[in-house]
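The values are calculated or read from the model by the stated rules, or taken from the named source; none is laboratory data. From a predicted model like this one, the values you see are computed outputs, not experimental measurements. Using ideal geometry, Cβ is built from the backbone for each residue, glycine included, and neighbour counts are taken over all protein chains shown.
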Amino acid sequence: MSEGGDSLGTLSGARGEQVDSSDTTEVRASEELDWDALAIYARGRLAAKLGDRFDANAPMTVEQFPGGHSNLTYLLRFGSHEFAMRRPPFGPVPPKAHDMARECRILAAVHPVFPLAPEPYVLCEDASIIGSVFYIMERRHGLVVRHDEPPQLADRPAERRRASIALVDVLADLHLVDITAHGLAALGKPAGFVERQVLGWRQRWQGSQTSEQPEMDQLTRWLVDRLPADPATPTLLHGDFKLDNVMLDEFDPGRLIAVFDWEMSAVGDPLVDLGILLAYWIHTAPASQRDTLTSVTRRPGWFNREEILERYEARTGSDLSKIRFYEVFAVFKLAVVLQQIFYRYRRGQTDDARFATLDKRVAWLARIAAALAEVS
């Protein structure tokens with residue numbers, strides 16, 4: 001889509017934020033924005049930020065990254081310069097969710113000490129421009145692995161193993177960042193972090209229910225009854241660390257070049273991140289199902305659960321004896337996230353056809369979490 005509304009063909013790019021595998025599409029009709037207002041605003045702010053590196057006279061064209069199930073991400077192109085723009089989904093959203101201003105400020109704080117976090121360039125808190133807060137950040141190019149694998153990994157167990165090692169090591173490196181020395185402690189309140197998380201996600205579940213789900217109700221009680229103590233050393237958390245939120249080097253898939261989607265980043269218990277990684281890696285979908293939630297990590301070469309835990313423990317020295325709690329919580333939280341999206345779809349606040357059967361996936365995840373809780 002151009003400033004004047006002309007349609008463009010599919011551009012090369014991908015992922016819900018930034019990818020390089022021909023995954024961008026024309027903007028969905030229900031997610032069009034005021035492109036003229038955006039172009040005027042973005043052009044002026046980017047020129048001020050980037051100076052001579054930015055061609056302020058180039059027309060703006062827009063494509064959409066169709067991946068992801070929550071925030072909306074667009075590819076903005078001004079001549080040869082490309083940027084990713086993030087905004088919340090349309091319609092009412094839960095309190096404190098989809099906070100683009102917070103995500104942008106986290107990136108600004110984290111990028112200098114953890115360069116895998118993309119650099120943000122522009123934050124707009126004036127909702128009159130496109131109808132919401134949004135921000136614009138750098139675009140990076142590489143491989144993002146979702147429900148299928150690129151040729152660099154397909155049928156290559158050794159490369160899958162290298163990618164697994166890189167992923168776990170980057171998570172460990174993030175958790176080893178000295179938040180006090182780098183002034184990052186102010187990004188969160190670590191005392192009582194897990195308790196607030198559990199109670200908050202329980203409230204979100206109750207606010208988005210569309211049917212009876214006894215297993216979800218039982219899980220909320222299970223989690224509250226087993227809340228862990230605060231860690232002695234809180235760390236910086238990503239909040240949604242998983243395979244399709246990282247970017248691999250196109251020429252060396254055993255190396256990460258970016259970590260995306262910092263919306264839920266915080267300071268607190270690092271095992272929350274490890275639980276999330278395990279939930280997506282092991283439990284997100286049946287092996288026979290292929291969609292945007294399907295894991296490829298059951299294939300030969302990708303780490304199994306024990307290898308992930310062993311590598312992370314060796315890198316960080318963490319006590320993982322209670323990791324099952326964090327794993328159950330992560331699967332429960334994923335079920336709530338999908339339920340919130342289904343709730344918006346059910347109410348007509350989004351018409352994305354991918355969301356029509358998410359209630360079935362919620363029930364499936366509830367059963368997985370309940371089974372995990374039984375063996376803890």
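See the values below:
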read-out	value
Condition broken by HIS98, with the remaining ones in (1) at positive phi; (2) surrounded by 21 or more Cβ atoms within 10 Å (Cβ to Cβ) satisfied	(2)
Residue match in the stretch 297-306 (condition: within 30 Å of ASP178 (Cβ to Cβ) and over 22 Å from the mean Cα position of the chain (by Cα))	yes
Options VAL198, VAL272: the member that is in contact with a strand residue (DSSP E or B) (Cβ under 8 Å, 6 or more places away or on another chain), part of a helix (DSSP H, G or I) and surrounded by 14 or more Cβ atoms within 10 Å (Cβ to Cβ)	VAL272
Single residue of the stretch 140-161 satisfying the filter (among the charged types (D, E, K, R) and farther than 19 Å from HIS238 by Cα) that is surrounded by the most Cβ atoms within 10 Å (Cβ to Cβ)	ARG160
Qualifying residue in the stretch 50-66 (condition: assigned by TED's automatic domain parsing to the domain that holds PHE83, at pLDDT below 90 and under 27 Å from the mean Cα position of the chain (by Cα))	yes
Flag if LEU320 is within 30 Å of PRO157 (Cα to Cα) and not in a helix (DSSP H, G or I)	yes
Residue check for LEU236: closer than 18 Å to ALA117 by Cα, in contact with a Ser or Thr (Cβ under 8 Å, 6 or more places away or on another chain) and either without any contact (Cβ under 8 Å) to a residue 40 or more places away in the chain or in a helix (DSSP H, G or I) (or both)	no
Any hit, the stretch 37-47, residues being of a type in the set (D, E, K, R), in the same structural domain as MET85 (by TED's automatic domain parsing) and either modelled with pLDDT under 70 or within 23 Å of LEU116 (Cα to Cα) (or both)	no
Residue count, the stretch 327-375 (criterion: in a helix (DSSP H, G or I) and either in contact with a strand residue (DSSP E or B) (Cβ under 8 Å, 6 or more places away or on another chain) or on the phi > 0 side of the Ramachandran plot (or both))	0
Flag for ARG105 being charged (D, E, K, R), in contact (Cβ under 8 Å) with a residue 60 or more places away in the chain, over 24 Å from TYR280 (Cα atoms) and outside any strand (DSSP E or B)	no
Residue within the stretch 144-158 that is within 16 Å of the chain's Cα centre (by Cα), closer than 19 Å to TYR280 by Cα, in a loop (DSSP other than H, G, I, E, B) and among the β-branched types (Val, Ile, Thr) present	yes
